[in-house]
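The values are calculated or read from the model by the stated rules, or taken from the named source; none is laboratory data. None of the values given here were measured: they were computed from a predicted structure. With ideal geometry, Cβ positions are generated from the backbone for all residues, glycine too; neighbour counts draw on all protein chains shown.
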Amino acid sequence: MRALISVSDKTGIAEFSKALFELGYEIISTGGTYRHLRNSGINAIKVEDITKFPEILEGRVKTLHPAIHGGILAKRKEDLGDLGIEPINMVVVNLYPFEKFKDAEEEEMIENIDIGGVALLRAAAKNYHRVIVVSSPEQYDEVITLLREGKFDLEKRREYALRAFATTASYDAMIYNTLWRRFLGDLPDTLLIASPLAERLRYGENPHQRGAFYSSHPPFVQHHGKKLSFNNHYDMDSAYALVMEFDEPAAAVIKHANPCGAAIGRDLKEAFEKAWNGDPMSAYGSIVAFNREVDGEVAELLRKKFIEVIVAPGYSDSALEILRKKKNLRIIEMRANTHETYEVRQLRFGYLLQDWNDKKLYEAKVVSKREPTEEEMRDLIFAWAAVKHVKSNAIVFAKDGMLVGVGAGQMSRVDSVRIAAMKAGDRAKGAVMASDAFFPFRDAIDVAHDAGITAIIQPGGSIRDEEVIKAVDEHNMAMLFTSFRVFRH
């Protein structure tokens, strides 16, 4: 039996090769792999001794030869006839680490695109009925165990072949996406998504739906608690995106991907207390996120609440000790605040692709007769950052750096204002309002004024802007136009 081994990542390959040798395999290897195995005391054979042809083009061409691919792709030894080619029974390959060179100079980046390795994996995977294909060091132990027990059956060969196809598909997608973004920059002509399984979930959005989480580089670590659910993942993403809008200490309380509370404060304790008090009834069983490390003092506050998940960029030792006393509480440390280049949403018959809504508010135009006060302006800026994380039609009321009322997901914008006013109650007196899109009629302005709102921030752009501005001036309110909307469907 013969095994062809050509790996970029040498982790565990010497031990794996020794085990194969003991099982009766003859080892064929290339370049750096050959030298590594020989230095490890393994009597490997050079690929050139099989092909009778040297490596060329500085190692770019080594295994692309009939003596190699014929040995892999032959269904039976008899198919090779008098060609003088011996069958290859196993292919062990991991690819050049292109991902490490995505930001390198073009020449170096291109040089780290694997050609021969991809061809070997695909050939072996295609002929899985006869050839075992090993595409990851993580498979080495299982391969040896199953071979020793004589249990590497057709079902397992098929599984390994599918994993190899996933490896090559992911590799090609990574190369395409990287080169497209770097050199063309527009939305891609072809959408390629290849992301490995990070975690199988108990179920999806509802118990009768299957669910899983996929990520090339999961950005978080879980310190404690039950496994995350499908909805936990979705809400965590919404919560952390919201708090990372702010430079000041910030906290957000999320239910069903909408904030029922959010606030900034002098410290994290104040931010959390304000965020929780935005809507304490809805906060029951929520996801809570922070943009600072959680300390023991904040942990003591959290311990007294019924919270499903806490998300933060870090935790002090004392905070973890306190929070771990709650058996089921999921404690998540977010280690990255980056996202994939595009936002992708799946439809039943296709995909929608767009840039992420990362646009910041750098300036806004006062369109009312009255200028907002300094205090109103601070709250308007806060409210605008928060409203883009609320489902459309989105309305938020804010006061003293906290949300006091939220109207989300309504078919009519004025109904969203009414809901925000109902949630805010007396706290709407002297608060400001943000709207994710323009007001089509003045009715929402009248409702907001009756609730106690004194200043408004919105995109503008309605054919009835003048009517809306007139209503604002009649009520002696202040209003800003941002000139861009922040829908979140």
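Look through the stretch 109-144, keep the residues that are outside any helix (DSSP H, G or I) and among the hydroxyl-bearing types (Ser, Thr, Tyr), and return whichever of them is surrounded by the most Cβ atoms within 10 Å (Cβ to Cβ). Steps first, please.
In the first step, residues of the stretch 109-144 are kept if they are outside any helix (DSSP H, G or I); the result is 112-115, 127-136.
Among the residues that remain, those that are also among the hydroxyl-bearing types (Ser, Thr, Tyr) are: 128, 135-136.
Working: Tyr128: 19, Ser135: 25, Ser136: 15.
Residue satisfying both the conditions and the ranking: Ser135.
Do the conditions hold for Phe213, that is, is it touching a residue at least 60 places away in the same chain (Cβ under 8 Å) and more than 22 Å from Val387 (Cβ to Cβ)?
Working: touching a residue at least 60 places away in the same chain (Cβ under 8 Å): no; more than 22 Å from Val387 (Cβ to Cβ): yes.
No: the conditions fail for Phe213.
Output the number of the condition that Glu159 fails; it satisfies all remaining conditions of (1) closer than 24 Å to Lys18 by Cβ; (2) at pLDDT 95 or above.
Here Glu159 clears every test but (1).
Yes or no: the stretch 362-382 includes at least one residue that is charged (D, E, K, R), within 22 Å of Gly278 (Cβ to Cβ) and touching a Lys or Arg at 6+ places or on another chain (Cβ under 8 Å). Steps first, answer last, please.
Step one: of the stretch 362-382, the residues charged (D, E, K, R) are 363, 365, 369-371, 374-376, 378-379.
Filter again for within 22 Å of Gly278 (Cβ to Cβ), leaving 375-376, 378-379.
If we keep only those that are touching a Lys or Arg at 6+ places or on another chain (Cβ under 8 Å) too, we end up with 379.
Within the stretch 362-382 (the criterion being charged (D, E, K, R), within 22 Å of Gly278 (Cβ to Cβ) and touching a Lys or Arg at 6+ places or on another chain (Cβ under 8 Å)), the answer is yes, since at least one residue qualifies.
Restricting to the stretch 433-489, give me the number of residues that are assigned to a strand (DSSP E or B) and under 16 Å from Lys388 (Cβ atoms).
Of all residues in the stretch 433-489, those assigned to a strand (DSSP E or B) come to 433-435, 455-458, 478-481.
Next cut, under 16 Å from Lys388 (Cβ atoms) only: 433-435, 456-458, 480-481.
Result for the stretch 433-489: 8.
Out of the stretch 328-340, which residues are modelled with pLDDT of 90 or more and in a loop (DSSP other than H, G, I, E, B)? Step through it out loud before you land on a result.
First, the residues of the stretch 328-340 that are modelled with pLDDT of 90 or more: 328-334.
Scanning the stretch 328-340 gives Asn328, Leu329.
Which members of the stretch 209-225 meet the condition of being in a loop (DSSP other than H, G, I, E, B) and at negative phi? Break it down into steps so the answer makes sense when it comes.
First, pick out the residues of the stretch 209-225 that are in a loop (DSSP other than H, G, I, E, B): 209-211, 215-219, 225.
Residues satisfying the conditions are Gln209, Arg210, Gly211, Ser215, Ser216, His217, Pro218, Pro219.
Quick check on this structure: which one of Pro97, Pro87, Pro137 is more than 22 Å from Leu197 (Cα to Cα) and not acidic (Asp, Glu)?
Details: Pro97 fails: more than 22 Å from Leu197 (Cα to Cα); Pro137 fails: more than 22 Å from Leu197 (Cα to Cα).
Only one candidate passes the filter, namely Pro87.
Report, ordered by the first and then the second residue, all pairs with beta carbons closer than 8 Å, sequence separation of six or more or different chains, a first member in the stretch 352-376 that is among the basic types (Lys, Arg), and a second member that is in a helix (DSSP H, G or I).
Lys369/Asp473; Arg370/Asp473
Take the residues in the stretch 461-489 that are closer than 14 Å to Ala364 by Cβ and free of Cβ contacts under 8 Å to residues at least 60 places away in the same chain, then tell me which one is surrounded by the fewest Cβ atoms within 10 Å (Cβ to Cβ).
Applying the filter and picking the extreme gives Gly461.
Can you pull out the helices (runs of 4 or more DSSP H) entirely within the stretch 1-98 that have at least 1 residues that are aromatic (Phe, Trp, Tyr), assigned by TED's automatic domain parsing to the domain that holds Ala161 and without any contact (Cβ under 8 Å) to a residue 40 or more places away in the chain? Give the steps one after another, and end with the answer.
Numbers: elements: 13-22, 31-39, 47-51, 66-73.
Correct list: 13-22, 31-39.
Please count how many residues of the stretch 178-208 are among the aliphatic types (A, V, I, L, M) and outside any loop (DSSP other than H, G, I, E, B).
Within the stretch 178-208, the subset among the aliphatic types (A, V, I, L, M) is 179, 184, 187, 191-194, 197-198, 201.
Checking the rest, the ones that are also outside any loop (DSSP other than H, G, I, E, B) come to 179, 197-198.
Summing the residues that are among the aliphatic types (A, V, I, L, M) and outside any loop (DSSP other than H, G, I, E, B) in the stretch 178-208 gives 3.
Within the stretch 99-108, which residues are part of a helix (DSSP H, G or I) and not charged (D, E, K, R)?
The one that is part of a helix (DSSP H, G or I) and not charged (D, E, K, R): Phe101.
Considering Val93, Val143, Val131, which residue is under 20 Å from Gly31 (Cβ atoms) and touching a strand residue (DSSP E or B) at 6+ places or on another chain (Cβ under 7 Å)?
Val93
In the list Leu361, Leu380, Leu352, which residue meets the criterion of being closer than 17 Å to Arg488 by Cβ, at pLDDT 90 or above, touching a strand residue (DSSP E or B) at 6+ places or on another chain (Cβ under 7 Å) and among the hydrophobic types (A, V, I, L, M, F, W, C)?
Every option except Leu352 fails the conditions.
Any idea which residue in the stretch 145-166 is surrounded by the fewest Cβ atoms within 10 Å (Cβ to Cβ), counting only those that are part of a helix (DSSP H, G or I) and hydrophobic (A, V, I, L, M, F, W, C)?
Initially, the stretch 145-166 is screened for residues part of a helix (DSSP H, G or I), giving 145-149, 154-166.
So of that shortlist, the ones also hydrophobic (A, V, I, L, M, F, W, C) come out as 146-147, 154, 161-162, 164-166.
On the way: Leu146: 15, Leu147: 18, Leu154: 9, Ala161: 22, Leu162: 13, Ala164: 26, Phe165: 17, Ala166: 15.
Here the residue is Leu154.
Quick check on Asp446: is it of a type in the set (Asp, Glu), surrounded by 15 or more Cβ atoms within 10 Å (Cβ to Cβ) and in the same structural domain as His389 (by TED's automatic domain parsing)? Spell out the reasoning first.
Details: of a type in the set (Asp, Glu): yes; surrounded by 15 or more Cβ atoms within 10 Å (Cβ to Cβ): yes; in the same structural domain as His389 (by TED's automatic domain parsing): yes.
Taking the combined requirement at face value, the residue satisfies it.
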